[in-house]
Amino acid sequence: MTPQQLRDFCLEFDASVEEFPFGPEISVFKVLGKMFALSTLDARPLTVNLKCDPDDAVRLREEHEAVVPGWHMNKRHWNTVTVSGVPDRLLRELVEVSYDLVVAGLPRAQRLRLDRA
């Protein structure tokens with residue numbers, strides 16, 4: 001997946017936006033103000049920080065060398081994934097899981113608004 005493909009995929013989700021709260025080089029993808037992905041899209045290798053269920057986070061780190069504890073993040077809940085080191089299908093699944101976990105943590109009224117979008 002290229003940096004542009006990663007950006008485009010993250011922006012396909014309902015109410016997702018790209019912001020730059022940490023400077024112009026770090027893309028932060030949010031849903032209703034809550035971060036679900038973070039990446040320096042021009043970095044080589046390309047990596048992305050994604051939220052993950054704590055048990056799945058450990059399992060993914062054991063199964064994939066390209067998945068490590070989240071850099072500058074809560075390492076229990078976030079992984080850093082080297083994009084070129086995992087299959088495209090898995091990367092898409094991990095981004096979707098991250099988005100879904102963040103949405104699940106939103107207040108009910110906000111979740112219902114997303115369902116209608």
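Taken together, the values in this text are just the output of simple stated rules run on the coordinates, not laboratory data. Just so we're clear, the structure is a prediction, and the values are computed from it rather than from any experiment. Virtual Cβ from ideal backbone geometry, glycine too; neighbours counted across all protein chains shown.
LEU46's amide H: which non-local residues (gap 5+, or another chain) put their own amide H closer than 5 Å, with H modeled 1.01 Å from N in plane and none for Pro or chain starts?
Placed amide hydrogens put VAL83, SER84 under 5 Å from LEU46.
Quick one: if you stick a label point 7 Å off each Cα along the C-beta vector at LEU11 and ARG111, how many nm between them?
Result for the modelled spin labels: 2.8 nm.
May I ask you to evaluate 6.51 cos²θ - 1.76 cosθ + 1.60, the Karplus curve with θ = phi - 60°, for each residue of the stretch 55-63 and list the ³J(HN,Hα) values in order in whole Hz, giving x for glycine and proline?
For the stretch 55-63, the Karplus curve yields 5, 5, 4, 5, 4, 4, 5, 6, 8 Hz.
When Lys and Arg each count +1 and Asp and Glu each count -1, what net charge do the other residues less than 15 Å away from PRO69, Cβ to Cβ, add up to?
Summing Lys and Arg as +1 and Asp and Glu as -1 gives -1.
Let me understand the chain better: what is its radius of gyration from the alpha carbons, and its Dmax, in angstrom?
Every Cα atom of the chain included, Rg and Dmax give 13.5, 40 Å.
Are there GluC sites (Glu not before Pro) in the stretch 13-77 that DSSP marks as loop and that have at most 14 other Cβ atoms within 10 Å, and which are they?
GLU25, GLU65
How large is ³J(HN,Hα) for each residue in the stretch 91-107, as worked out from phi by the Karplus curve 6.51 cos²θ - 1.76 cosθ + 1.60 (θ = phi - 60°), to whole Hz, x for Gly and Pro?
Computed from phi, the couplings for the stretch 91-107 are 4, 4, 5, 5, 5, 5, 4, 4, 4, 4, 5, 5, 4, 4, x, 6, x Hz.
Counting only residues 5 or more places away or on other chains, whose amide H sits under 5 Å from the amide H of LEU106 once H atoms are built in the peptide plane?
Excluding prolines and chain starts, which carry no amide H, there are no hits.
Please tell me the relative contact order of the chain in percent, rounded to the nearest whole number, where contacts are Cα pairs under 8 Å and at least six residues apart. Before the final figure, lay out the partial values.
Details: 178 pairs, mean separation 26.3, N = 117.
Reported relative contact order: 23 percent.
Explain nothing, just compute: Karplus ³J(HN,Hα) = 6.51 cos²θ - 1.76 cosθ + 1.60, θ = phi - 60°, for every residue of the stretch 13-22 in order, whole Hz, x for Gly and Pro.
So the J values, rounded to whole Hz, are 6, 3, 6, 7, 9, 10, 10, 10, x, 10.
What's the extension gain from GLN4 to LEU90 if we count 0.36 nm per residue and subtract their Cα-Cα distance?
Difference between extended and current length: 29.2 nm.
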